[in-house]
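Take a look at the structure set out below.
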Amino acid sequence: MAETVEHLGVGHEASHPALQHHFENMEQQREAGNIGMWVFLVTEIMFFGGMFLAYTLYRSKFPMAFASASNHLSLPMGAVNTVVLILSSFTMALAVYSAQIGKRRNQVVCLILTIVLGLTFLGIKAVEYHEKYVDHLIPGQLIPGHPFKPDKVHLLGDAAKENVEMFYWIYFAMTGMHAVHMIIGVGLLSVILFFAARGRYDPEYHSPVEISGLYWHFVDIVWIFLFPLLYLLGRHFEH
Amino acid sequence: MSEHIVSVKIYITIFLALMAGTALTVWAGLQDFPGPLNVVIALTIAVIKATLVVLYFMHVRYSARLIWVILASALFWMGILFALTFSDYWTRDWL
């Protein structure tokens, strides 16, 4: 056998080229990478948690205004987006699986599918945002010269016009930040796709694919909560 | 290598469960249930869907306990956030 590099504390076998010096073996390195990403996801939970708190508070204070505003959102687009995003989580899981069993072509196909589905989600979101713009539902003076006007929103019960705007602040803040996370995710996956296509990942080393997967699934989970809370809360009043 | 590889069959099963959950959420959202039941049902389905994603897509079911603890701490933190905040807002009349 060709000469091997000896590392203190590790056996005499040659180590994987991706093994960093401060880790004993690839398994430990893999786990450390996962733990690091999970700690980051905890900060993301705190980030979105604050916004869910704001939503819960104002919804509890202005229930009919929120229901009215919610009903004006496009349920078909929201539902399709939910399906698209869950499908993209499925293809992402398959991409990680392909890396685990060392199938390069499958990795590439699954990553491309995930990216395309992510872009589809963003495209539909863009259409929704445009509709809001046309209906003068972009809150405050975010669009100079086009202030918020809730005339298009059919008011239910004792809903007050002033409180409808609060729903849209929260809607744009939450779906906006979610969309930013999606854009970052698509960028991230594009980089991973680039390296996957070059055969960088194998069953021993595929951490970047795995932790990008964790990030992507997290963004999916945020939407799993956003969809019913933003799109479905007032539908049962509609008939 | 002791990494647990989840089978494609499990991924497909979870995916179908998530699709069913989504259909159920939309259906339930259109029904008029008494009192706060609409919200309770919607959140219950969402929590189940999220749990499936966390356990299977994110491999937490097959991961080290340390990762369970890290995730649990985040949820515990959110619990504190909501409990303390609403113990204030919901025990008074004004915003």
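Listed values, structure above:
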{"quantity": "Range in chain B, longest, excluding exposed chymotrypsin sites (Phe, Trp or Tyr not before Pro) [loop by DSSP; at most 16 other beta-carbon atoms within 10 Å]", "calculated": "B:1-89"}
{"quantity": "³J(HN,Hα) computed for each position of region B:63-69 - Karplus, 6.51 cos²θ - 1.76 cosθ + 1.60, integer Hz, glycine/proline x", "calculated": "9, 5, 4, 4, 5, 4, 4"}
{"quantity": "Cβ charges +1 (Lys, Arg) and -1 (Asp, Glu), total dipole of region A:73-158, debye", "calculated": "560 debye"}
{"quantity": "Principal axis box of the protein assembly as shown, alpha-carbon based, largest edge first, Å", "calculated": "81, 40, 39"}
{"quantity": "Estimated translational D of chain B in µm²/s (Stokes, Kirkwood radius over Cα pairs; 25 °C; 0.890 mPa s)", "calculated": "151 µm²/s"}
{"quantity": "³J(HN,Hα) computed for each position of region B:39-56 - Karplus, 6.51 cos²θ - 1.76 cosθ + 1.60, integer Hz, glycine/proline x", "calculated": "5, 4, 5, 4, 6, 4, 4, 4, 5, 5, 4, 4, 4, 4, 5, 5, 5, 9"}
{"quantity": "Dipole moment magnitude, nearest 20 debye, region A:151-239 about Cα centre, only Lys, Arg, Asp, Glu C-beta charged", "calculated": "220 debye"}
{"quantity": "Two-site label geometry, A:Ala197 and B:Ile5: point separation in nm, points 7 Å out along Cα→Cβ", "calculated": "2.5 nm"}
{"quantity": "Descending semi-axes in whole angstrom, ellipsoid equivalent of region A:20-133, from the Cα gyration tensor", "calculated": "37, 23, 10"}
{"quantity": "Mean Kyte hydropathy of 0.0 or more with a Cα span along the axis of at least 24 Å, helices from DSSP in chain A", "calculated": "A:26-61, A:75-100, A:104-134, A:161-197, A:207-231"}
{"quantity": "Simple spin-label estimate for A:Trp169 and B:Leu37 in nanometres, 7 Å along Cα-Cβ", "calculated": "3.5 nm"}
{"quantity": "At R0 = 56 Å, FRET efficiency that the Cβ-Cβ distance of B:Tyr62 and A:Lys152 yields, to 0.05", "calculated": "0.70"}
{"quantity": "Per-residue mean of C-beta atoms belonging to partner chains within 10 Å, peptide B:58-70", "calculated": "4"}
{"quantity": "In Hz, Karplus ³J(HN,Hα) per residue of region B:28-34 (6.51, -1.76, 1.60; θ = phi - 60°; x = Gly, Pro)", "calculated": "5, x, 8, 8, 9, 8, x"}
{"quantity": "Built amide H within the under 5 Å cut-off of B:Phe33, gap 5+", "calculated": "B:Asn38"}
{"quantity": "Point-charge dipole on Cβ atoms (K/R +1, D/E -1) for chain A, about Cα centre, debye to 20", "calculated": "760 debye"}
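Read-outs: derived from the displayed coordinates by stated rules, not from any lab. This is a predicted model, so every value here is computed, not measured. Heads up, the Cβs are rebuilt from the backbone with ideal geometry, glycines too, and the neighbour counts pull from every protein chain shown.
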